[in-house]
Amino acid sequence: MVRLSGITKKYPDGENSFNHVLRGVNMNVEKGDFIAIKGASGSGKTTLLLILGTLLQPDEGSYVLNNMQINTPGVDYSAIRNQKLGFVFQDHRLMPQLTALENILLPTLAFQNRTEDLQIDYAKQLMELTGITSVANQYPDTLSGGEASRTALCRALVMKPLLVLADEPTGQLDAENARNVALLLAKVNKELGTTIIMVTHSDETAAIAHRRLTLQNGGLS
């Protein structure tokens, strides 16, 4: 489903100097994979995730998603992000003025005027799967950290994406909630067949994934 070949990325680091964060990254991801990527702070984990999410362009290399060449001129990146990718952020990024259910349904309004009944039904199915049906009408400031994480995960899944990208999804949670969210990601991967790539600093969270990779010296191993 995903093929990265020779992905490089560098950032300016002072006058006439560059920090080479990614140095020819190669990665193949099959449908249904659950991959955890670990690495030291500053190793380029978030940069790699941003490239996978089409939020950042590599300097060199090829990115193929579901047989589609992504980093080429004319590609509609906003449509790809909405229809093929789901994002789970460390800080949840829930809209405070919307209920949990409305937050989950927000991606459905990117390219249409109203949410369809089938999409509402699917959102409620996701809430049931993740155990947050009871908070559907609550606002983010009334949710626990675990409930907010589950709401964000449902939002990432509501468009039935090919690939979910999770950036330190347990980073702001206590140990118990972190483990619960990690197990929930594994449940989603198993029961929905959703392909997941997650970056994390936690050995325990990474252990839930099928494959564990390390990003160091600009490459994956």
Would you mind checking the radius of gyration and Dmax of the chain based on alpha-carbon positions, in Å?
17.5, 56
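Using just the helices of the chain, give the 222 nm mean residue ellipticity in deg cm²/dmol: DSSP H runs with n ≥ 4 each add -39,500 (n - 2.57), and the total is spread over all residues, rounded to 500.
Numbers: 7 runs with 69 residues, N = 221.
Estimated from H runs of four or more residues: -9000 deg cm²/dmol.
Just the ratio, please: alpha-carbon radius of gyration of the stretch 42-143 over 2.2 N^0.38 Å, N its number of residues. If you can, show how the numbers build up before the last one.
Working: Rg = 16.4 Å, N = 102, 2.2 N^0.38 = 12.8 Å.
Rounded to two decimals, the normalised Rg is 1.29.
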Roughly speaking, what is the stretch gain from GLU191 to GLN125, that is 0.36 nm per residue apart minus the C-alpha to C-alpha distance, in nm to one decimal?
22.5 nm
What's the local net charge at GLY218, with K and R +1, D and E -1, over the other residues with C-beta under 10 Å away?
+3
Compare the peptides 136-142, 38-44 by average per-residue count of other Cβ atoms within 10 angstrom and give them in order, highest first.
38-44, 136-142
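In debye to the nearest 20, how big a dipole does the chain give about its Cα centre with +1 on each Lys and Arg Cβ and -1 on each Asp and Glu Cβ?
Taking the Cα centre of the chain as origin, the dipole is about 540 debye.
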In degrees, nearest ten, helix 117-129 long axis to first principal axis of the chain (Cα):
80 degrees
Distance between modelled label sites at GLU60 and GLU204, nm, 7 Å Cα→Cβ extension
4.2 nm
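Counting only protein chains, not ligands or nucleic acids, how are GLU147, GLU60 ordered by accessible area (probe 1.4 Å), most first? Don't skip to the end; give the middle numbers.
Details: GLU147 55, GLU60 120 Å².
In descending accessible area the options line up as GLU60, GLU147.
Considering only DSSP beta bridges with both partners in the chain, what is the antiparallel share in %, to the nearest 5? Spell out each step's value before the answer.
Working: 18 of 35 bridges.
Roughly 50 percent of the DSSP beta bridges within the chain come out antiparallel.
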Over the stretch 5-79, the quotient of the Cα radius of gyration and 2.2 N^0.38 Å is 1.18
Surpassing 27 Å at the alpha-carbon level, of the pairs LYS9/LYS84; LYS84/LYS124; LYS31/LYS187; LYS10/LYS187; LYS45/LYS190; LYS9/LYS38, are LYS10/LYS187
Expressed in angstrom and rounded, the centroid-to-centroid distance over alpha carbons for the stretch 1-22 and the stretch 99-150 is 36 Å
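Carbon-plus-sulfur fraction of the accessible area of the chain, 1.4 Å probe, in percent? Before the final figure, lay out the partial values.
Details: 5080 of 10890 Å².
Of the solvent-accessible surface of the chain, carbon and sulfur hold 47 percent.
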Label point 7 Å beyond Cα of ARG23 along Cβ direction - residues of the stretch 32-57 with amide nitrogen under 16 Å
40, 42-45
Could you check the simple spin-label distance between ARG212 and ARG3, using points 7 Å along Cα→Cβ, in nm with one decimal?
2.9 nm
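The values are calculated or read from the model by the stated rules, or taken from the named source; none is laboratory data. If you're wondering where the values come from, they're calculated on a predicted model, not measured in any experiment. Here the Cβ is made from the backbone with ideal geometry for all residues, glycine too, and neighbour counts use every protein chain on show. Just so you know, the surface numbers come from the protein's heavy atoms only, side chains and all, with ligands and any DNA or RNA stripped out. Shrake-Rupley method; radii C 1.70, N 1.55, O 1.52, S 1.80 Å.
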